[in-house]
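Working notes, structure below.
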Amino acid sequence: MAKCAVIGAKGFIGKHLSFYLNQQGHQVECYDIFDVQEKGYTSCDLTKKEEIRKINLHVDYIFMFAGLTGTYAGFDRYESYILVNEIGLLNLLDAIRLTEHRPKIIFPSTRLVYKGQEKALKEDDEKETKTIYAVNKLACEGILQAYSISFDIPYTIFRICVPFGNMLAKDYSFGTIGFMIRQARDNKMITLYGDGKIKRTFTSMKDVCRQIVEAGMKGESNGETYNIGGQTHSLKEAAYEIADKYGAKVTFIPYPEKDLRIESGSTFFNSQKIESLLGGIQYDDIDTLFD
């Protein structure tokens, strides 16, 4: 049994990680900025150095999943994105370096750090940052490496493409697949930009949690970055799968200019690195949402 802290435990992935870790028998302490009275949960604002004292650093693993996400929102609120996504991580790492404790940091990154290509992307493939959020994530990857080199703080980074599914509730409304489901259910029409041929790697939340926890807790993963594996589909294929279940149609419209500017194109993963670490993985596919 490992002692774990999940920071950002009220976010969608953070909630699932807390649930999964508890399922696996680990000891879990949860933190987020929201003022909620729950056993095992502490409200904490990472952007304030004095609040870092609330976090128990005497743990084996810190799952650092707090942060702001979004595309154009980052341009409108760049101060907040830098403060929460970068300064928040720096405040945590600075607190750790001033102690004798060296919990391992497990950190989520994103497909958005990659330059889109029509091939399965490996971890060292070309990077391109078209949003402030992507800039934040790539900067945080470098920050973790710097603190590891200078202060021996171990870390592992996991780049996530498109997570789907919900282990906690029947209502599902998160991310790309959640958006398609809402459109199909409420409007009987899923609308895609362009021709829908761009590809993504889709990973169930169960498979996301399994890879992050199992790989993150292996000593061999220290200082490493992994693409999270899953099933690769075009957006069109995913849309038609969902439309079929709801008796909906799929329509295509031109990209709005601002969205086209930040569209990465196909970003799907070569996940051989994490599969070599964990052994063969049988990934859930999108149709498991309807089982």
> Whose amide H sits under 5 Å from the amide H of R159, counting only residues 5 or more places off or on another chain, with H placed in the peptide plane?
Replying inline: S109, Y226, N227, I228
>> For the chain, what does the convex hull of the Cα positions come to per residue, in cubic angstrom?
In response: 135
> Helix 132-151 versus the longest principal axis of the chain: what is the Cα-based angle in degrees, 0 to 90, to the nearest 10?
Replying inline: 30
>> With viscosity set to 0.890 mPa s at 25 °C, what whole-number translational diffusion coefficient in µm²/s follows for the range 39-194 from Stokes-Einstein and a Kirkwood radius over Cα pairs?
In response: 139
> Ordered by residue, what ³J(HN,Hα) values in Hz, to whole numbers, does the range 86-98 give under the Karplus form 6.51 cos²θ - 1.76 cosθ + 1.60, where θ = phi - 60° and Gly and Pro are x?
Replying inline: 9, 5, x, 5, 4, 4, 5, 5, 5, 5, 5, 5, 8
> Considering every Cα-Cα pair within the range 79-148, what fraction, in whole percent, is farther apart than 19 Å?
Replying inline: 40
>> Check which residues have an amide H placed less than 5 Å from H233's amide H, if you skip close sequence neighbours.
In response: R200, F202
> Which whole-number value in Å² is the accessible area per residue of the chain, probe 1.4 Å?
Replying inline: 47
> Given a cut-off of under 8 Å on Cα pairs at least six residues apart, what relative contact order in percent is computed for the range 72-152?
Replying inline: 40
> What percentage of the solvent-accessible surface of the chain, computed with a 1.4 Å probe over protein heavy atoms, is contributed by carbon and sulfur atoms?
Replying inline: 48
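Give me the Å³ per residue figure for the convex hull around the C-alpha atoms of the range 202-291.
119
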> So what's the angle, to the nearest 10 degrees on a 0 to 90 scale, between helix 12-23 and the longest Cα principal axis of the chain?
Replying inline: 60
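Please report, in cubic angstrom per residue, the volume enclosed by the convex hull of the alpha-carbon atoms of the range 136-291.
126
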>> Tell me the Rg and the Dmax, in Å, that the Cα atoms of the range 52-116 produce.
In response: 13.9, 41
> Taking the alpha-carbon centroid of each part, what is the distance from the range 174-216 to the range 1-57 in angstrom?
Replying inline: 25
>> Please give me the summed charge of the neighbours of G194: other residues whose Cβ is under 15 Å from its Cβ, Lys and Arg +1, Asp and Glu -1.
In response: 0
> Would you list T131, T232 from the most to the least accessible area, probe 1.4 Å?
Replying inline: T232, T131
> Residues with amide H under 5 Å of T42's amide H, sequence separation 5 or more or different chain, H placed in the peptide plane at 1.01 Å from N; which?
Replying inline: C30, Y31, D32
> Based on DSSP H runs of at least 4 residues, each adding -39500 (n - 2.57), what is the mean residue ellipticity at 222 nm of the chain after dividing by all its residues, to the nearest 500 deg cm²/dmol?
Replying inline: -10000 deg cm²/dmol
> D for the range 103-219, whole µm²/s, Stokes-Einstein with Kirkwood Rh over alpha-carbon pairs at 37 °C and 0.692 mPa s: what number?
Replying inline: 199
> Taking Cα pairs under 8 Å and at least six residues apart, what relative contact order does the chain come out at, in percent?
Replying inline: 18
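The values are calculated or read from the model by the stated rules, or taken from the named source; none is laboratory data. Predicted, not measured: the structure shown is a model, and the values here were computed from it. FYI the Cβ positions are ideal-geometry reconstructions off the backbone, even for glycines, and counts take in every protein chain you see. Just the protein is used for accessible areas: all its heavy atoms, side chains included, with ligands, DNA and RNA removed. Shrake-Rupley method; radii C 1.70, N 1.55, O 1.52, S 1.80 Å.
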